[in-house]
1. Here are 8, 2: which of them is among the hydroxyl-bearing types (Ser, Thr, Tyr) and surrounded by 14 or more Cβ atoms within 10 Å (Cβ to Cβ)?
2. Can you tell me which residue is nearest to residue 326 (Cα to Cα) among those in segment 103-128 that are in a helix (DSSP H, G or I) and touching an Asp or Glu at 6+ places or on another chain (Cβ under 9 Å)?
3. Please note which strands (runs of 3 or more DSSP E) are completely contained in segment 259-339 and include at least 3 residues that are free of Cβ contacts under 8 Å to residues at least 60 places away in the same chain.
4. What's the number of the condition residue 42 fails, among (1) surrounded by 16 or more Cβ atoms within 10 Å (Cβ to Cβ); (2) touching a helix residue (DSSP H, G or I) at 6+ places or on another chain (Cβ under 8 Å); (3) touching a residue at least 40 places away in the same chain (Cβ under 8 Å)?
5. Can you tell me how many residues in segment 19-36 are modelled with pLDDT under 90, out of contact with any Phe, Trp or Tyr (no Cβ under 9 Å at 6 or more places or on another chain) and among the aliphatic types (A, V, I, L, M)?
6. Does residue 313 count as surrounded by 20 or more Cβ atoms within 10 Å (Cβ to Cβ) and touching an Asp or Glu at 6+ places or on another chain (Cβ under 9 Å)?
7. Testing residue 81 on (1) of a type in the set (Val, Ile, Thr); (2) surrounded by fewer than 15 Cβ atoms within 10 Å (Cβ to Cβ); (3) in the same structural domain as residue 143 (by TED's automatic domain parsing), one condition comes back false. Which one is that?
8. So, in segment 1-27, exactly how many residues are assigned to a loop (DSSP other than H, G, I, E, B) and basic (Lys, Arg)?
Amino acid sequence: MTYNENYTEFLPAKRAPQEQILKSYNFFSSEKLIKPIFDSIPGYFLILNECRQVVYANSKLSSVLHGKDIHSVLGLRPGEIFNCVNALASPGGCGTAKACSVCGAGTAILESMTNDVKSQKECRITTREDSVSNSLELMVTASPLSLNGEKYYILSLSDLSDEKRRILLERVFIHDVVNIAGGLKNIINMMKTPGQISPDIDLLQMADVSTSSLLEEIEAHSSIISAENGHLEVLYQETQTADMLLGIFQILARNDAAVTKKISVSENSENIIFSTDKVLLRRILVNLTKNALEASNEGDIVTIGCHRAGTDVEFTVNNNGVIPEDIQMQIFQRSFSTKGVSRGIGTYSIKLFTERYLKGTVHFISNEATGTTFYVRYPINPK
């Protein structure tokens, strides 16, 4: 890939020439103690020059190089090695996209360079390889190093992905299940009120809805774990978009998030017959619509719709709110949430289910003129 050294929206794009990179690499390689010390470090350990390019790395990095040696990454920047979507999409490469301004690695390196200090930050990276997206969560430490008359920066990256994933899933699962179970217990207590000869039909219906929600939450948790492990089975069956939209409306019309707000099905929606996994798609659309409701103000309308887009079917969810720019740049990252430590799986799971399992795409547009609209698109005939 050729990089444009004049393009940047955050950090400088300029790169050192390859001969200078090789000179630095040969210097570190010639030091007999460096390799055994670096290779004994369990995490990824990189040495960067002042242009943030890799001039040396420990053997741990080979685990992400698919058989290539260190020479294949000399001169690259960290995000380019890990196939970060922002590094791959920006003409200037790693550190030059607008989204890099909220990257833990980019800000740690900048702080270390600017203040000549050690800087440590958590970093979330969305990677893409062979059209498949994955999430990495890293603890990044950047430290300045002056050696042989040159300025370098040591970058240590510890992979927290498994730990963060486990903690996140446990928090989200416990949070949601406890909330639903608490509501169910309140309904049962109302049924047990002294003098109540038989349960009120409305209370029974509420209990039925709560029980169904509890089971669905357990199934959703199981689906996310299976999806991340690559073991989720997709069951394709004929589906009508009108039935799907009606189902979403019925599921959320009485949800707590919809109190004082309204869900509307777009009049321009088309009824299209297509093949998909109904359970997964329903989960995606419920998540999107619920997020839109939670982001809306009292009296606002959330509009859901569907139309044909060539050989695809595209669902839309719109609300009047505008997502702040710094949140827009992180919205599909795992463990990122504006709702507190017990949240952070919703938009990530939407992207995971859509792109990895339903062969679709997801994106959004958020501005003052039209509010926020999420678009999820799927092939009419995925096979």
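The values are calculated or read from the model by the stated rules, or taken from the named source; none is laboratory data. In this text, all values refer to a predicted model and were calculated from it rather than measured experimentally. Here Cβ is always computed from backbone atoms with ideal geometry, including for glycine, and neighbour counts include all displayed protein chains.
1. 8
2. Selected residue: 104.
3. The strands (runs of 3 or more DSSP E) meeting that bar are 262-265, 301-309, 312-319.
4. It is condition (1) that residue 42 fails.
5. Residues in segment 19-36 being modelled with pLDDT under 90, out of contact with any Phe, Trp or Tyr (no Cβ under 9 Å at 6 or more places or on another chain) and among the aliphatic types (A, V, I, L, M): 1 in total.
6. yes
7. (2)
8. 2
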